[in-house]
Amino acid sequence: MLCLLEWRDGRIVCSRCSETCRHITEADLAAVGGDLSKIRRVCGTAARAADIEQARAAMEATRAAAAPIVAAPSLFKRIKNFAPALITHARHGFPKCTQEQMDARHAICRACPGGFYIRDIENPNLGICGHKDCGCSAGREERFLNKLGWADQACPIGAWPAAEGM
Ligand code: SF4
């Protein structure tokens, strides 16, 4: 992104990054006929945005490297885990969590104390519990197969309990 230069109190200033251009000489101005829009200067705003993006990517890479590598249980195991959970859920009358309860559970899962949370890289609202006794969807969006939305369910390592009264 290039600077958007303008005259301000006798100085040439970029209206995007507010930096004063000190290196533009009379000769430079004469060369562009005094037209500041013809002066090409990389804007500090763009440079800062690039720095921020680079820092964010580096932080993500650091987190990814630090996170334990967890694979979701096999489909067979997930079905095996799911069947008794579904029976329990049906026995309780399919109780659902409120959005606030799901959000609270999801916040705990995202920082899973056992490192079992497998996040969806395309949707921060979705993930999977990779614990061997689970393998369910663990997101904050209401879906039938979302463990966090079932009030009677609890975390397999006790990070969050079943909803009160269950
Ligand atoms: S349900 Fe429990 S074990 Fe699974 S990801 Fe959430 S906090 Fe971790």
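Throughout, read-outs are computed from the coordinates displayed, never taken from laboratory work. This structure is a prediction, so every number in the text was calculated from the model and none was measured. A quick note on method: Cβ atoms are made from the backbone with ideal geometry, for glycine too, and the neighbour counts reach across all protein chains shown.
Taking one quarter of the surface of the convex hull spanned by the alpha-carbon atoms of the stretch 67-149 gives a direction-averaged projected area of 5.4 nm². For the chain, the relative contact order works out to 17 percent when only alpha carbon pairs closer than 8 Å and six or more residues apart are counted.
Projecting the alpha carbon convex hull of the chain along each direction and taking the average yields 14.8 nm². P(r) tail for the stretch 112-162: Cα pairs beyond 13 Å make up 55% of the total.
Number of Lys-Lys pairs in the chain with C-alpha atoms under 18 Å apart and a separation of 8 or more places or on different chains: 6. Taking Ala71, Ala30, Ala57 in turn, the Gaussian network model of the chain (Cα-Cα springs below 10 Å) assigns the largest fluctuation to Ala30.
Packing-based ranking of 142-155, 14-27, 114-127 yields 142-155, 114-127, 14-27, ordered from highest to lowest mean Cβ neighbour count within 10 Å. Available extension along the chain between Lys80 and Asp120 is 12.1 nm, counting 0.36 nm per residue and deducting the alpha carbon span.
Count charges around Leu126 for me, please; just the other residues with Cβ under 14 Å from its Cβ, Lys/Arg as +1, Asp/Glu as -1. Spelling it out: positives minus negatives among the neighbours equals +1. Maximal additional length on extending the Gln54-Ala71 stretch stands at 3.3 nm, based on 0.36 nm per residue less the C-alpha distance.
Among Arg140, Arg41, Arg78, the residue with the largest mean-square fluctuation in a Gaussian network model of the chain, with springs joining Cα atoms closer than 10 Å, is Arg41.
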